[in-house]
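Any read-out appearing in this document is the output of simple, stated calculations on the displayed coordinates, not a laboratory observation. Note that the structure is predicted; figures quoted are calculated from it, not measured. Neighbour counts run over all protein chains shown; Cβ positions are idealised from the backbone, glycine included.
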Amino acid sequence: MLWSKLSASAENDYIDFKREWYSKDKLGEVDLVHDILCMSNSLSDSPDRYIIFGVDEDKITKAKSFYDVSKDKNCRQSADIIQTLRNYMSVIPNIELIREQTDSGYIDIIKIMPVARELPYVLNKECQAQKPDGKKVTVRKEWIYSRNSDRNTPKDECCTKAELEELFARKRGEHLPILERFSMYLDDIHNWKHPKSEYEIAESETAYYYSLNHKFKIVRSNRDLDKTISLSLANSYDELLTDTCIDVDYWNYRNTQNYCYDDCINLFNVELWADNTLIEVFNITGMFIKHFNYDRYYGSYYVPNRMHLIESDITINNSSDIEKLLVWKICKLLFHFNLYDGCNLVTGDASRILEILNYNYLQNPSEYRKQNEDWLYQPIKSK
């Protein structure tokens, strides 16, 4: 339950309590847009921000009172909130609406998940309403609103210069540890560049750099380009599994078909550099799988080396777990440039190779070997 994680917190730079929902008139729409805009541009270190309805906090004692939102006629749906934002913004943060039950009734939580490289969020047209006294309330087009501590930037003001500078620093990832910064930049894959040379293969390395910050680059050694391992040399499924983590279906296919004679892998290292400093080295496996699970050959795919998967901080249960890893983002980058350097790929989907990995093995290699030792080491059938 999300509320159990948030209930002990007072209002701060990522939590805002509301006794009730915004009214459904234009004034309520202005308040909704303004509050989400401020939360999205908050200087909080929390990746997610929350506007919580049905909770009222005493400003002095910080004691909380609860009001059941299931009785609130102004409740909105997630789609309504997203559409309202799209009416005024060309780029919106990720939004999720969650209803949870407490001992005092139901509360609603707007979960706001801004993307750092999209900061700052702004309106592309004014959001305006008129009060009963005739005064207009406006959230301004292209003004930058933020949240500092438990205070939103007022609607008639811009955020401070210091807040603005911090927002743009976060847009560049300067608040992140270096590997998280690499991860953020790799999510922006189309801003990576690969300066090509006519003599590139003869050179000792291939480099990719982030065009928005040239100090960040990824280097692949070319010394291993001709060091391939033919999968036809694997004499047992255990040998194949150790090198590739490929599912047993491929092994069975190879034993019954004669289409795997030129399938191979290429093992190589990739280095992450920042400001001329070597940050990390990852091991990558390039896979040339010609027929199995494919209509025809379209090019090489890339996966993290087996040890990155087995020794990961998270248990690898499925492809989604691999896609969370920094090393997988590097694989996607390599695939991206393989795709645009002349390979005839149809799907352009780097994750397709993840569909044929053995996740039972990756969850617990020793246990998998123990449970399947009766056939795992058997040699390939003679044809």
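Quickly rank 361-374, 33-46 as a protection proxy: mean count of other C-beta atoms within 10 Å, highest first.
Working: 361-374: 14.1, 33-46: 21.9.
The packing order, highest mean first, is 33-46, 361-374.
Between helix 178-187 and the chain, what is the angle of the helix's C-alpha long axis to the longest principal axis, kept within 0 to 90° and rounded to the nearest 10?
It works out to around 90 degrees.
Considering amide H positions built from the backbone, and no H for Pro or chain starts, which residues 5 or more places from residue 143, or on another chain, come under 5 Å of its amide H?
Correct list: 123.
Tell me, what ³J(HN,Hα) does each residue in the range 145-155 have, in order and in whole Hz, if you take phi through Karplus 6.51 cos²θ - 1.76 cosθ + 1.60 with θ = phi - 60° and put x for Gly and Pro?
So the Karplus estimates, Gly and Pro as x, are 10, 9, 9, 10, 6, 9, 10, 7, 4, x, 4 Hz.
Measure nothing fancy, just the Cα-based angle from helix 161-171's long axis to the longest principal axis of the chain, in degrees from 0 to 90, nearest 10.
20 degrees
Would you grab the residues whose amide H sits under 5 Å from the one on residue 94? Only those 5+ places off in sequence or on another chain, please, with H modelled 1.01 Å from N.
It is 113, 115, by chain and number.
Any chance you could give the angle, 0 to 90 degrees and rounded to 10, that helix 326-340 forms with the longest Cα principal axis of the chain?
Roughly 70 degrees, rounded to the nearest 10.
Quick one: grab the alpha carbon gyration tensor of the range 54-177, order the square roots of its eigenvalues as a ≥ b ≥ c, and give me rounded if a/c is under 1.5, else prolate or oblate depending on whether a/b is larger than b/c.
Taking the square roots of the gyration eigenvalues as a ≥ b ≥ c, the range 54-177 is prolate.
Ranked highest first by average number of other Cβ atoms within 10 Å, how do 311-317, 108-114 line up?
Descending mean neighbour count gives 108-114, 311-317.
What does the C-alpha gyration tensor say about the overall shape of the chain? Classify as rounded when a/c is under 1.5, otherwise prolate if a/b is larger than b/c, or oblate.
Cα axes put the chain in the prolate bin.
Got a sec to turn the phi values of the range 232-245 into Karplus ³J(HN,Hα) couplings, 6.51 cos²θ - 1.76 cosθ + 1.60 with θ = phi - 60°, whole Hz, x for Gly and Pro?
5, 7, 5, 8, 8, 5, 4, 4, 5, 5, 4, 7, 10, 6
Given +1 on the Cβ of Lys and Arg, -1 on the Cβ of Asp and Glu, and no further charges, what dipole in debye does the range 9-120 carry about its Cα centre, rounded to the nearest 20? Don't skip to the end; give the middle numbers.
Details: 15 positive and 21 negative charges, 51 e Å.
The dipole magnitude comes to about 240 debye.
When only C-alpha pairs under 8 Å and at least 6 residues apart count, what is the relative contact order of the range 2-171, in percent?
27 percent
Work from the charge dipole of the chain (Cβ charges, +1 for Lys and Arg, -1 for Asp and Glu, about the Cα centre) and give the residue of 70, 209, 7 farthest towards its positive end.
Going by the Cα projections, it comes out as 70.
Applying the Karplus parametrisation 6.51 cos²θ - 1.76 cosθ + 1.60 with θ = phi - 60° to the phi angles of the range 87-92, what ³J(HN,Hα) value in whole Hz is obtained for each residue in order, glycine and proline being reported as x?
Coupling constants for the range 87-92: 5, 10, 10, 7, 10, 10 Hz.
In debye, nearest 20, what is the charge dipole magnitude of the chain about its Cα centre with +1 on Lys and Arg Cβ and -1 on Asp and Glu Cβ, if you could check? List each step's numbers first, then the result.
Details: 49 positive and 61 negative charges, 192 e Å.
Dipole about the Cα centre, nearest 20: 920 debye.
Given 141/329; 227/324; 125/193; 26/161; 125/215; 193/324, which pairs have Cα atoms separated by over 32 Å?
Where the Cα-Cα span goes over 32 Å, the pairs concerned are 141/329; 125/193; 125/215.
Nearest 5 percent is fine: what portion of the DSSP beta bridges confined to the range 2-171 is antiparallel?
On the way: 23 of 27 bridges.
Here the antiparallel bridges make up roughly 85 percent for the range 2-171.
With n ≥ 4 as the cut-off for DSSP H runs, can you work out [θ] at 222 nm for the chain, using -39500 (n - 2.57) per run divided by the number of residues, rounded to the nearest 500?
Working: 13 runs with 107 residues, N = 383.
The per-residue figure over the chain is -7500 deg cm²/dmol.
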